[in-house]
Amino acid sequence: MLEYLIKANVLGMILFFIPAFYIFIRNNTPVENELVERKLYLACGAGAIFGSIAEAMILAGGLKSYSENIGFSSLIFVTPLITMTFLYLSVNFKTFRKDDYAGYYAAGVGLFYGASKEFWNLWVLETNIGELSIGANLVDLLMGTSFVILLGGCGLWMGEACRVEKNKFRMFGRLTLICMFMNFLLVSSIEMTSMLIDYIAIVTVAVVGASLLHRGQMKLLKTKR
């Protein structure tokens, strides 16, 4: 198990946390002089802690496992609800939502939330399955990275909705539906043996996540003007 933990730790740091940190820095560049350093650290820490808790609940409940009765229904419908609930809790702290730049901090929360979730998911996968082929490893890592980007975008929009305290539950519902569809693509890539389906799912999740981040940042910049 130690071998798998070390392997997952290295891969998780490279493929999940480093991109999350890089995107966080780039996203904050336009307003870096206005942000509070303490809150930036808190955003990273809150995301990592709540992401770990959410993934622990999902894995402990066996919600990502196949069931003969319901298939992967719990992965499609239940895990997004848990994921968005803990993401909402992590960005809704008064420290973030009362700040004019809540969306920027929340994006960091979402990115590190996603990185920690995918790190533990990768560790459990490596522990249970053992050695995977290079192609399977690549698919898992890229899929995890795309979900990190997606949750970063979700965090930004959720945090901004909490700041203005308007339509935050509607935003919660919309983001949950988006995650349900993304998980449907994930399940499709699991059940189908075609590598083409795998990479279509990866690209789709990454594009949706990048779009959420980009559109959210444009909205934040427009609001600050």
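The values are calculated or read from the model by the stated rules, or taken from the named source; none is laboratory data. Fair warning: this is a prediction, and the values are worked out from it, not measured in the lab. Note that each Cβ is placed from the backbone with ideal geometry, even for glycine, and that neighbours are counted across all protein chains shown.
Looking only at region 196-219, count how many residues are within 16 Å of C154 (Cβ to Cβ) and surrounded by fewer than 22 Cβ atoms within 10 Å (Cβ to Cβ).
Keep residues of region 196-219 that are within 16 Å of C154 (Cβ to Cβ), which gives 204-217, 219.
So of that shortlist, the ones also surrounded by fewer than 22 Cβ atoms within 10 Å (Cβ to Cβ) come out as 204, 206-208, 210-211, 214-215, 217, 219.
Adding up the residues that qualify gives 10.
Considering each of S73, S90, S67 in turn, give the residue that is among the hydroxyl-bearing types (S, T, Y) and touching a Phe, Trp or Tyr at 6+ places or on another chain (Cβ under 7 Å). Write out each step before concluding.
Numbers: S73 fails: touching a Phe, Trp or Tyr at 6+ places or on another chain (Cβ under 7 Å); S67 fails: touching a Phe, Trp or Tyr at 6+ places or on another chain (Cβ under 7 Å).
It is S90.
Looking at (1) modelled with pLDDT of 95 or more; (2) surrounded by fewer than 21 Cβ atoms within 10 Å (Cβ to Cβ), which is the only condition S90 fails?
The single condition S90 does not satisfy is (2).
Among the residues of region 34-41, are any buried (at least 23 other Cβ atoms within 10 Å of the Cβ) and at pLDDT 95 or above? So that I can check it myself, show each step before the final result.
Quick first cut of region 34-41, residues buried (at least 23 other Cβ atoms within 10 Å of the Cβ) only: none.
No, that holds for no residue.
So T193 fits all but one of (1) surrounded by 17 or more Cβ atoms within 10 Å (Cβ to Cβ); (2) not in a helix (DSSP H, G or I); what number is the exception?
Looking at each condition in turn, T193 falls short on (1).
Working only within region 49-85, note down all residues that are at pLDDT below 95, not in a helix (DSSP H, G or I) and not polar (S, T, N, Q).
The answer is G61, G62, L63, K64, Y66, E68, I70, G71, F72.
Check S189 against each of (1) touching a residue at least 60 places away in the same chain (Cβ under 8 Å); (2) among the hydroxyl-bearing types (S, T, Y); (3) farther than 30 Å from R97 by Cβ and name the one condition it does not meet.
(1)
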